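Report on one structure; see the data block that follows.
Just so it is clear, none of the values below were taken in a lab; they were calculated from the coordinates. Computed from a prediction, not measured in an experiment: that's the story for all the values here. Ideal geometry is used to build each Cβ from the backbone, glycine not excepted, and the neighbour counts take in all protein chains shown.
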Amino acid sequence: MALLRVLTHPDPRLRLVAERVTDFGEAFQTFVDDLVETMYAEVGRGLAAPQVGASLRVVVIDLRRPDEGGKLVPGDVFVLANPEITFREGEIVWREGCLSLPGIAAEVLRTEHLKLRYQDRLGEHHVLEARDLFAVCIQHELDHLDGTLYVDRLGPLERALALQDYTEAQHLAGRQAPPA
Ligand code: CO
């Protein structure tokens, strides 16, 4: 297994619409393992293939709820290939962050309850139902498959402020400030 490099905004590869997974063979299995390992190493709750430069419709999610001491512990890992939301109900506002936009967070309006059709890492078809944080994570990660970042879902002013904070955070982190 290997750690993959997570791309950060404004890398243009984050803006591509990813291709469907058609080959669930050995190379894909290795890639999924690497994606999961990278998600844990980066302390994220989810990671989408385009975030590591792979144009594939697959995301991994582990909600890692806190244990009694408040420490996030690994839980169930979901590998969602070719996912499609088939039902949406209700609204929820959640404060989101993203490994591709380090240093900032913002409140995003999402669907509270959804149903999803997807294939697992072996290509088997499944459906699942998700609410609250799980539903939010699914929508956030699925957005990456279509080249969408959560800041795109903010109002114009909020978005501008978030990106301004991001530029400052990048600068403070010693990274080059992204072009506007
Ligand atoms: Co993200």
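A straight line joining the Cα centroids of the stretch 1-54 and the stretch 61-109 runs 16 Å. Site pair L3 and E124 shows an inter-label distance of 3.3 nm when each label is modelled 7 Å from Cα along Cα→Cβ.
At a 10 angstrom cut-off on C-beta neighbours, averaged per residue, how do the peptides 93-102, 127-136 rank from highest to lowest?
93-102, 127-136
Rg and Dmax of the stretch 112-180, both derived from C-alpha coordinates alone, stand at 16.6, 45 Å. Each principal axis of the Cα atoms in the chain has its own extent, and those three values, largest first, are 44, 38, 37 angstrom.
Model label sites at I85 and E107, defined 7 Å from Cα along the beta-carbon direction, differ in position by 1.9 nm.
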